[in-house]
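Encoded as structure tokens, the structure appears first; notes follow it.
The values are calculated or read from the model by the stated rules, or taken from the named source; none is laboratory data. Keep in mind the model is a prediction, meaning the values are calculated, not measured. Cβ sites come from the backbone with ideal geometry, for glycine too, and all protein chains shown count toward neighbours.
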Amino acid sequence: MNVLLLVDLQNDFTPSGSLPVPEGDRIIPLINKLQPRFDLIVSTQDWHPFDHQSFAIQHGKKPGDTILLNGIEQILWPVHCVQNSWGAEFIEGLDTTGIDRIIKKGTDKTIDSYSGFFDNDHKSETGLDTYLKNKGVGEVYLVGLATDYCVMFTAKDSLMLGYETYVIKDATRGVNLHKGDVEKAFAEMEKKGIKIVESSSIL
């Protein structure tokens with residue numbers, strides 16, 4: 001049993017959103033095309049309270065600055081994906097009819113959650129692992145946003161939890177906060193044993 005895991009395909013991560021990922025909206029048609037090839041489709045959704053402590057404005061700092069949050073180094077971000085806001089909604093055009101489960105993450109204002117499986121301190125689970133194991137999933141294929149943060153952290157946790165893990169490279173886009181971050185992320189994932197594939201190998 002395999003799953004296509006849609007990572008944070010939300011308005012705030014498009015070029016018109018508050019935390020723009022270049023071309024973040026351009027992968028939607030490809031992701032729609034991929035969906036029928038999979039047994040199960042699950043989506044993660046960044047779902048922050050308005051006063052989330054990863055927001056730079058909460059500390060009087062600039063996006064891109066870093067602080068220690070709960071003993072973990074935290075990059076500060078613009079306000080994004082606030083619960084029930086336009087920015088937290090799925091990107092227009094995404095086919096959501098086949099999504100079997102939506103996993104909301106980043107709901108605790110005191111800790112960020114890049115991974116779809118855990119908060120960043122790895123103390124709290126989102127329920128994704130239990131759901132996939134109950135469904136008998138062995139292979140996880142990731143697409144979505146952003147390559148160098150939520151996709152990478154979700155992929156690493158997927159591998160660590162025992163799933164055969166794939167990232168569909170051309171169906172992801174990255175923030176690239178620092179030049180080369182996306183290439184580094186792919187290299188790091190591959191080094192750990194995550195398989196990087198192109199959509200053409202599935203379609």
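Checking the stated criteria, Pro29 turns out to be out of contact with any Pro (no Cβ under 9 Å at 6 or more places or on another chain) and of a type outside the set (Val, Ile, Thr). Within region 148-203, the set of residues being among the basic types (Lys, Arg), more than 25 Å from Pro63 (Cβ to Cβ) and assigned to a helix (DSSP H, G or I) comprises Lys191, Lys192. Which of the residues that make up region 99-140 are surrounded by fewer than 24 Cβ atoms within 10 Å (Cβ to Cβ), out of contact with any helix residue (DSSP H, G or I) (no Cβ under 7 Å at 6 or more places or on another chain) and part of a strand (DSSP E or B)? Residues satisfying the conditions are Ile102, Lys104, Glu125, Glu139.
Out of Ile75, Ile102, which single residue is over 16 Å from Leu6 (Cβ atoms) and under 17 Å from the mean Cα position of the chain (by Cα)?
Working: Ile102 fails: over 16 Å from Leu6 (Cβ atoms).
Sole residue among the options that is over 16 Å from Leu6 (Cβ atoms) and under 17 Å from the mean Cα position of the chain (by Cα): Ile75.
Quick one: would you say Tyr141 is under 14 Å from the mean Cα position of the chain (by Cα) and hydroxyl-bearing (Ser, Thr, Tyr)? For Tyr141, the condition - under 14 Å from the mean Cα position of the chain (by Cα) and hydroxyl-bearing (Ser, Thr, Tyr) - is met. Over 27 Å from Lys135 (Cα atoms), modelled with pLDDT under 95 and out of contact with any Leu (no Cβ under 7 Å at 6 or more places or on another chain): does that describe Leu68? The answer is yes for Leu68.
Within region 166-199, how many residues turn out to be touching a Gly at 6+ places or on another chain (Cβ under 8 Å) and surrounded by 19 or more Cβ atoms within 10 Å (Cβ to Cβ)?
Residues of region 166-199 that are touching a Gly at 6+ places or on another chain (Cβ under 8 Å), as a first pass: 171-173, 177, 181-182, 185.
Add one more test, that the residue is surrounded by 19 or more Cβ atoms within 10 Å (Cβ to Cβ), and what stays is 171-173, 182, 185.
Of the residues in region 166-199, 5 are touching a Gly at 6+ places or on another chain (Cβ under 8 Å) and surrounded by 19 or more Cβ atoms within 10 Å (Cβ to Cβ).
For region 31-41, the count of residues that are of a type in the set (A, V, I, L, M, F, W, C), part of a loop (DSSP other than H, G, I, E, B), in contact with a Gly (Cβ under 8 Å, 6 or more places away or on another chain) and modelled with pLDDT of 95 or more is zero. Residue selection: Gly93 fails the criterion of being in contact with a Lys or Arg (Cβ under 9 Å, 6 or more places away or on another chain), among the small types (Gly, Ala, Ser), in a loop (DSSP other than H, G, I, E, B) and in contact (Cβ under 8 Å) with a residue 60 or more places away in the chain.
Looking at region 155-203, which of the residues that are of a type in the set (Lys, Arg) and closer than 18 Å to Ile27 by Cβ is farthest from the chain's Cα centre (by Cα)? First the steps, then the outcome.
As a first pass, look at region 155-203 and keep what is of a type in the set (Lys, Arg): 156, 169, 173, 179, 184, 191-192, 195.
Next, from what is left, pick out any that are closer than 18 Å to Ile27 by Cβ: 169, 173.
Numbers: Lys169: 14, Arg173: 10 Å.
Ranking the qualifying residues of region 155-203, first place goes to Lys169.
Tallying residues that are over 21 Å from Gly17 (Cα atoms) and either touching a residue at least 60 places away in the same chain (Cβ under 8 Å) or among the hydrophobic types (A, V, I, L, M, F, W, C) (or both) within region 171-190 yields 4.
Quick one: would you say Val151 is buried (at least 16 other Cβ atoms within 10 Å of the Cβ) and over 28 Å from Asp51 (Cβ atoms)?
Numbers: buried (at least 16 other Cβ atoms within 10 Å of the Cβ): yes; over 28 Å from Asp51 (Cβ atoms): no.
When the stated conditions are applied, Val151 does not pass them.
Return a yes/no flag: does region 55-72 have any residue that is more than 12 Å from Asp8 (Cβ to Cβ), surrounded by 18 or more Cβ atoms within 10 Å (Cβ to Cβ) and touching a helix residue (DSSP H, G or I) at 6+ places or on another chain (Cβ under 7 Å). Within region 55-72, none of the residues are more than 12 Å from Asp8 (Cβ to Cβ), surrounded by 18 or more Cβ atoms within 10 Å (Cβ to Cβ) and touching a helix residue (DSSP H, G or I) at 6+ places or on another chain (Cβ under 7 Å).
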